[in-house]
Amino acid sequence: MTSRNWVKLFLSTLLVGGITTGIVGFIVRWNEFKSIFTSFDLLEILSVLFWLVGVGFIFSVLSQAGFFAYLTVHRFGLGIFKSHSLWNSVQVILILVVLFDLVYLRYNEFAADGDSIWPYIGVAAFLLIVGVIVAVIKMKMTNKEAFIPALFFMIVVTTLEWVPILRVNETSWLYLMIFPLLVCNTYQLLILQKLNKSSEAHRQQKLTKNPAK
């Protein structure tokens, strides 16, 4: 990928994270912010929006760090296991482990006596459903070998990025963080192919203009 497209990806993902967090923040914390809308305190609304967008930028940077880290890990995995099928099998095992831990560890840590385990299962199921949908889209855009890596990224990497808030387990922050992470991760995953093609076309164009180089 060319440096121009790296910058484009960084800035566009930053914008996606900021906008998503701004929207989601007002929704999930509506009880807290409802008063400033009913009184139409424009200055306060803009102030809160500015803060939410700033938080979204942080989530976006975290998402991008996870994305670039996974691209590196993916290459290492293919190099170590020497085949897509074996590396995909390892990724499937890790996906199952993370989904199990997302339910079991959180339930043991935060559930009070008598609490149902279903809300914890629901969080993992939601992440799995979103991951499968995005992975199917990615597979249709590329090839069938892209399904497991995309699913791994959407579930395992997103969960790792989500860990700081998972440790706190504050409901509004859980939602405030997970939706921007999922949107940013989906955006990066699906736009990567387009940017790679654009970079390749740009390199070919340069070679055509400067064949000696």
Among the residues of region 1-13 satisfying the criterion of being in a helix (DSSP H, G or I) and either at pLDDT 95 or above or hydroxyl-bearing (Ser, Thr, Tyr) (or both), which is surrounded by the fewest Cβ atoms within 10 Å (Cβ to Cβ)?
-> Ser3
Considering region 144-171, residues that are of a type in the set (S, T, N, Q) and part of a helix (DSSP H, G or I), and then whichever is surrounded by the fewest Cβ atoms within 10 Å (Cβ to Cβ), we arrive at Thr171
How many residues does region 181-203 contain that are surrounded by 13 or more Cβ atoms within 10 Å (Cβ to Cβ) and either aliphatic (A, V, I, L, M) or at pLDDT below 80 (or both)?
-> 12
In this structure, does Phe59 turn out to be touching a Pro at 6+ places or on another chain (Cβ under 6 Å) and within 23 Å of Ile191 (Cβ to Cβ)?
-> yes
Has region 30-38 got at least one residue that is surrounded by 13 or more Cβ atoms within 10 Å (Cβ to Cβ), at pLDDT 90 or above and not β-branched (Val, Ile, Thr)?
-> no
Among Ile133, Ile95, Ile137, which is the only one that is assigned to a helix (DSSP H, G or I), at pLDDT 95 or above and within 21 Å of Leu166 (Cβ to Cβ)?
-> Ile95
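The values are calculated or read from the model by the stated rules, or taken from the named source; none is laboratory data. Because the structure is predicted, anything quoted here is derived from the model rather than measured. Please note: Cβ atoms are built from the backbone with ideal geometry, for glycine as well, and neighbour counts cover all protein chains shown.
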